[in-house]
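The values are calculated or read from the model by the stated rules, or taken from the named source; none is laboratory data. Values in this document were obtained by computation on a predicted structure and should not be read as measured data. All Cβ positions, glycine included, derive from the backbone under ideal geometry; neighbour counts span all protein chains shown.
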C-alpha cells in the first residue's frame, strides 16, 4: 500500500495558485490542473455567464 499525501492549493483569482502548481510540476510533483480555469475558458468561448467577474 502506498501512503499518499494530498494537498489542495486554494485562493482567490490572481493569488499565484497556477504559478505554484507549475513550479511543483517542474520539480516532478504530480499535479491536477485547476478546474476553474477550464470552466472560465469554456464560458468565455460560449458566451456563458458563469464567470467570476460577471
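Scanning the stretch 1-42 for residues that are exposed (fewer than 10 other Cβ atoms within 10 Å of the Cβ), in a helix (DSSP H, G or I) and touching a helix residue (DSSP H, G or I) at 6+ places or on another chain (Cβ under 8 Å) yields a count of 0.
Which one is modelled with the lowest pLDDT, of the residues in the stretch 43-54 that are farther than 21 Å from residue 16 by Cα and surrounded by 10 or more Cβ atoms within 10 Å (Cβ to Cβ)?
Start the filter on the stretch 43-54 by keeping residues that are farther than 21 Å from residue 16 by Cα, which leaves 43-50, 54.
With the extra rule that they be surrounded by 10 or more Cβ atoms within 10 Å (Cβ to Cβ), the set shrinks to 43-44, 48, 50.
Values: 43: 92, 44: 92, 48: 90, 50: 85.
My answer is 50.
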